[in-house]
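K.L.:
Have a look at the structure that comes next, please.
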Amino acid sequence: MGLKYSRRFLALVFIVVFANFHGLNYAEKAPKYSFIQEATSAPEVSFYDYIVIGGGTAGCPLAATLSTRDAKVLVLERGGSPYTNTTKIRMENFISTLTDDSPNSISQSFISEDRVPGNRARVLGGGTVINGGFYSRAETLFLKEAGIDEALANESYEWVEKKIVYKPRAFQWQTAVRNGLLEVGVLPDNGFTFAHLNGTKTSGTLFDKNGNRHTAADLLEYANPTMIKVYLHAVVHKITFTTKDGQRPKADGVIFYDANGGRHIAYSKHESNSRSEIILSAGAIGSPQLLMLSGIGPAARLRSLGIKVVLDQPMVGREMADKPSNGLLIPYPTHIPLSLITVVGINKISNYFESFNGFDLSDLSGSGGAQPQSSNPSQEAMANSTTNQAFLVQTIFGPISKGYLELQNTNVSDNPKLRFNYFQAAVDLRRCVSGMQTIINVVNSDSLSRFRFRNMTTQDLINMTVNRAANLRPRNPNATTSLEQYCIDTVMTFWHYHGGCQIRKVVDRDYKVLGLDQLRVIDASTFSFSPGTNPQATIMMLGRSMGRRILQSRRR
């Protein structure tokens, strides 16, 4: 009996070690961590070495890394836990969770001034909890622009990958799209790789083989539980500063409120040196918004809202961008398993091609779920399930077009005013047209022929997509005949927001806010362009690598 139980014990140890080594962590694990608590349990006043505002895609790896030394770390997350209801974050519920606009949902919707609906996360783990799960590294150009050492970047990517990234299983639709891209010349075939390479490839996913999502929140498993505290539903209202005559303002505290309206303040532990910092990781929308609410931004606008100006910084909220996305809806005649993005095509003209299938896309439609129409509608398609359809999309590098973020009021829970100016730059529109021509070729390829209704032409698909476009823009009569107008009228977000606190304009190459002490911004708001085909891998890498760099400077 003793030998029998010893073997069972050894088998159990092997399973646990294997699971940890391969990132096969369990969603039930994180909620048991004693350091993750509701903000209602926070003391009125507390002191920390590092205060991280935002437990999202960058904040979780950053905080986990900082906690592994002799530093006391606080994470303030405005949303709840992704583990409260894990059904919501399963792959098949991607669209319904993303578009859930109830008051306590994990996705907060907004409509930009461009009349394009968008979403921002309010949950521990940030965008990794509500996105499509596709994982791919950045191009080398991005690392040079961001001043990130390539060796440190690679180590940081691997640190993320061994915990939450998976090699996807083969899906019928994804395989057909891969073959179609190769057939129309998006070459070479790069197989499975995380690297950003021209051609067609399969890359990683945050979904395991059972369809369970793993997120940046899981990276907190790396944290030292005795040195970190994570408060949920902790809404930060402002960063506080101390100022002395002739000296730069110094960030010294954070005022936040819990779900019951209780007021709390967390202070930097070391006021006399740089061993304590406040770090904004609230995302491309949240970080510039909170800087402005704290008095850092364009002085005239801040004063008009009654905000005391700490630093006149006109570039906060400027250079906002979002990669435009356009594509084609493709109904198919027989049921096939749903899939999210696992295949991407990257061509030399700076177009990226991705696809997903099997979801009811009516909630994404700006037409309010109206039935698709075409010049020669297929009765088969009309009668078909709304989930028997795919969306083949293209995005572009950059983009070049830039917009802005402005405060509408002083309520941090309200969305700021956002304009992305999609296709304002002519080169962005030219790239979209080129990308749509490639998509049309892929749809007409032999590889996708068995997923097409025989009597639905490409023009029918164009007409249908115009009628179902996921925005609130008016439809120009020639949108179905001009690809330029098609791009303008059917543009939608791909949720790759960036800018507002850019390097060399708002922060330096160490991500420290220019003109201030003991305050950094570490997230996608610092990017001048969106890295790779999908930025989440790089945002998590940034959190990890900057955590490493901060700890190295702490030892000096």
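The values are calculated or read from the model by the stated rules, or taken from the named source; none is laboratory data. Worth saying up front: this structure is predicted, and the values here are computed from it rather than measured. Glycine also receives a Cβ, built like all others from the backbone with ideal geometry; neighbour counts cover every protein chain displayed. These accessible areas exclude ligands, DNA and RNA; they are computed on the full protein's heavy atoms, side chains included. Shrake-Rupley method; radii C 1.70, N 1.55, O 1.52, S 1.80 Å.
K.L.:
So in segment 519-536, with the set limited to residues that are polar (S, T, N, Q) and crowded, with 24+ Cβ neighbours inside 10 Å, which one is nearest to residue 502 (Cα to Cα)?
P.N.:
Only one residue fits best here, namely 526.
K.L.:
For residue 114, are the conditions met, namely being open to solvent by less than 20 Å² (accessible area, probe 1.4 Å), more than 19 Å from the chain's Cα centre (by Cα), more than 22 Å from residue 54 (Cα to Cα) and not small (Gly, Ala, Ser)?
P.N.:
yes
K.L.:
Just checking: which of the strands (runs of 3 or more DSSP E) contained wholly in segment 1-82 hold 3 or more residues that are under 19 Å from residue 217 (Cβ atoms), at pLDDT 95 or above and touching a Leu at 6+ places or on another chain (Cβ under 6 Å)?
P.N.:
50-53
K.L.:
Contact list please: Cβ distance under 7 Å, first residue in segment 163-179 and over 16 Å from residue 213 (Cβ atoms), second residue open to solvent by 20 Å² or more (accessible area, probe 1.4 Å) and small (Gly, Ala, Ser), pairs at least six apart or on different chains.
P.N.:
176/447; 179/447
K.L.:
Next up: Take the conditions more than 21 Å from the chain's Cα centre (by Cα), closer than 26 Å to residue 529 by Cα, of a type in the set (A, V, I, L, M) and surrounded by 20 or more Cβ atoms within 10 Å (Cβ to Cβ) and apply them to residue 396. Does it pass?
P.N.:
no
Results for (1) modelled with pLDDT of 95 or more; (2) surrounded by 15 or more Cβ atoms within 10 Å (Cβ to Cβ); (3) in contact with a Ser or Thr (Cβ under 9 Å, 6 or more places away or on another chain), shown as yes or no for each residue.
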residue	(1), (2), (3)
348	no, no, no
353	yes, yes, yes
361	no, yes, yes
380	no, no, no
401	yes, yes, no
412	yes, yes, no
419	yes, yes, yes
423	yes, yes, yes
448	yes, yes, no
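K.L.:
Further question: For segment 55-83, give me the residue count where each residue is within 17 Å of residue 38 (Cα to Cα) and among the acidic types (Asp, Glu).
P.N.:
Count: 1.
K.L.:
May I ask you to list the residues in segment 466-486 that are open to solvent by less than 30 Å² (accessible area, probe 1.4 Å) and either under 30 Å from residue 144 (Cβ atoms) or in contact with a Gly (Cβ under 7 Å, 6 or more places away or on another chain) (or both)?
P.N.:
469, 470, 471
K.L.:
How many residues are of a type outside the set (Val, Ile, Thr) and either surrounded by fewer than 23 Cβ atoms within 10 Å (Cβ to Cβ) or free of Cβ contacts under 8 Å to residues at least 24 places away in the same chain (or both) when one looks only at segment 330-346?
P.N.:
Matching residues across segment 330-346 total 6.
K.L.:
For segment 43-70, give me each residue that is open to solvent by 10 Å² or more (accessible area, probe 1.4 Å) and of a type in the set (A, V, I, L, M, F, W, C).
P.N.:
45, 47
K.L.:
While we're here: Looking at (1) under 26 Å from residue 411 (Cα atoms); (2) open to solvent by 10 Å² or more (accessible area, probe 1.4 Å); (3) not aromatic (Phe, Trp, Tyr), find the lone condition where residue 254 falls short.
P.N.:
So the condition that residue 254 fails would be (2).
K.L.:
Within segment 118-135, track down each residue that is in contact with a strand residue (DSSP E or B) (Cβ under 7 Å, 6 or more places away or on another chain) and among the small types (Gly, Ala, Ser).
P.N.:
118, 121, 127, 132, 133
K.L.:
Moving on. Restricting attention to segment 109-146, which residues are farther than 22 Å from residue 193 by Cα and hydrophobic (A, V, I, L, M, F, W, C)?
P.N.:
Restricting attention to segment 109-146, the residues satisfying the condition of being farther than 22 Å from residue 193 by Cα are 109-127, 129-130, 145-146.
Hits for segment 109-146 are 110, 111, 116, 121, 123, 124, 129, 130, 146.
Here's the yes/no breakdown for (1) part of a helix (DSSP H, G or I); (2) open to solvent by 20 Å² or more (accessible area, probe 1.4 Å); (3) in contact with a helix residue (DSSP H, G or I) (Cβ under 8 Å, 6 or more places away or on another chain):
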| residue | (1), (2), (3) |
| --- | --- |
| 131 | no, yes, yes |
| 137 | no, yes, yes |
| 141 | yes, yes, no |
| 145 | yes, yes, no |
| 148 | no, no, yes |
| 170 | no, yes, no |
| 173 | yes, no, yes |
| 179 | yes, yes, yes |
| 186 | no, no, yes |
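K.L.:
Check segment 118-125 and report whether any residue there is over 13 Å from the mean Cα position of the chain (by Cα) and assigned to a loop (DSSP other than H, G, I, E, B).
P.N.:
Scanning segment 118-125, I find no residue that is over 13 Å from the mean Cα position of the chain (by Cα) and assigned to a loop (DSSP other than H, G, I, E, B), so the answer is no.
K.L.:
Quick one: which residue in 287, 276 is modelled with pLDDT under 95 and of a type in the set (S, T, N, Q)?
P.N.:
After applying the criteria, what remains is 276.
K.L.:
Please work out if residue 82 is touching a Lys or Arg at 6+ places or on another chain (Cβ under 6 Å) and open to solvent by less than 30 Å² (accessible area, probe 1.4 Å). So that I can check it myself, show each step before the final result.
P.N.:
Values: touching a Lys or Arg at 6+ places or on another chain (Cβ under 6 Å): no; open to solvent by less than 30 Å² (accessible area, probe 1.4 Å): yes.
Taking the combined requirement at face value, the residue does not satisfy it.
K.L.:
Further, regarding this structure: Looking at segment 450-463, which of the residues that are assigned to a helix (DSSP H, G or I) and open to solvent by 10 Å² or more (accessible area, probe 1.4 Å) is nearest to residue 335 (Cα to Cα)? Working first, answer last.
P.N.:
To start, the set of residues in segment 450-463 that are assigned to a helix (DSSP H, G or I) comprises 450-451, 458-463.
Those left that are additionally open to solvent by 10 Å² or more (accessible area, probe 1.4 Å): 450, 458-459, 462-463.
On the way: 450: 12, 458: 21, 459: 23, 462: 22, 463: 23 Å.
Among residues in segment 450-463 that are assigned to a helix (DSSP H, G or I) and open to solvent by 10 Å² or more (accessible area, probe 1.4 Å), the one nearest to residue 335 (Cα to Cα) is 450.
For (1) closer than 24 Å to residue 39 by Cβ; (2) touching a residue at least 60 places away in the same chain (Cβ under 8 Å); (3) open to solvent by 10 Å² or more (accessible area, probe 1.4 Å), each residue gets a yes or a no:
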position: 195; (1), (2), (3): no, no, yes
position: 201; (1), (2), (3): no, yes, no
position: 214; (1), (2), (3): no, yes, no
position: 224; (1), (2), (3): yes, yes, yes
position: 237; (1), (2), (3): yes, yes, yes
position: 243; (1), (2), (3): no, yes, yes
